[in-house]
Amino acid sequence: MHLRVILNPTAGSGGAARNKAAIVRALTVGGAAPEVVHTEGPADAGRLIREARRDGVQCAVLVGGDGTLNDAVQGYLEDDGRVAQGPELGLIPSGTGGDFRRTFQLGDSIEEAAERVLRASPRPLDLGLLTVTSHDGQRVRRAFINITSFGIGGLTDRIVNSTPKWIGGKAAFFTGTLRAMLVYRNQPVRVKVDGQVWLEAPIFNVALANAAFSAVG
């Protein structure tokens, strides 16, 4: 199997980088010869997925949390918004957010995660597509595999992303939610699903999800 590990060195307060040797060892013991590439900043995992598609990688293994996963799935979108065929996607959880991990009961053990990547049968999973107007007025198309939300959820994520990672995931989301609730006011929105207006009203939060868990909402 042509397997490439995409590691976010800042994920989990640096825990992903500290676990690099153990991850490579676990995959190697399982019979793989993984190559490792590092993300170089926010949203870079999508670029690395596109490179993996170009290089014919069979399986891309993410080492990070929900944010790394969200960045990565952007690499499955073509420039015209179509979903591209690409490498199978595996996950070794190591991040601030863990909603995707909790939904699929992936656990925290590196050895267990490596064994799952190498032995489990691939399964299809919906990829959500969302078109929104950004804060600067631009139309933006985004993919999501876990959950997308807007309203207080979006504000909370912005606050959490600006919070020092050393405080830990649960504390970051707890304090971020409290700070967001102090300043957020319901916003008027129009939501269309498959081209039809589904909701037009002031909203506190709207979430669409594959996941069974959400840090907000």
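The values are calculated or read from the model by the stated rules, or taken from the named source; none is laboratory data. Source: prediction; values computed, not measured. Backbone-built Cβ (ideal geometry, glycine too); neighbour counts: all protein chains shown.
Quick notes on this structure:
- Condition met for L155 (part of a strand (DSSP E or B) and either surrounded by 12 or more Cβ atoms within 10 Å (Cβ to Cβ) or not assigned by TED's automatic domain parsing to the domain that holds L7 (or both)): no
- All positions within the range 102-117 that are free of Cβ contacts under 8 Å to residues at least 24 places away in the same chain and either among the acidic types (D, E) or under 13 Å from G67 (Cα atoms) (or both): D108, E112
- Evaluation of G90 against (1) of a type in the set (G, A, S); (2) modelled with pLDDT of 90 or more; (3) loosely packed, with under 13 Cβ neighbours inside 10 Å (one fails), failing number: (3)
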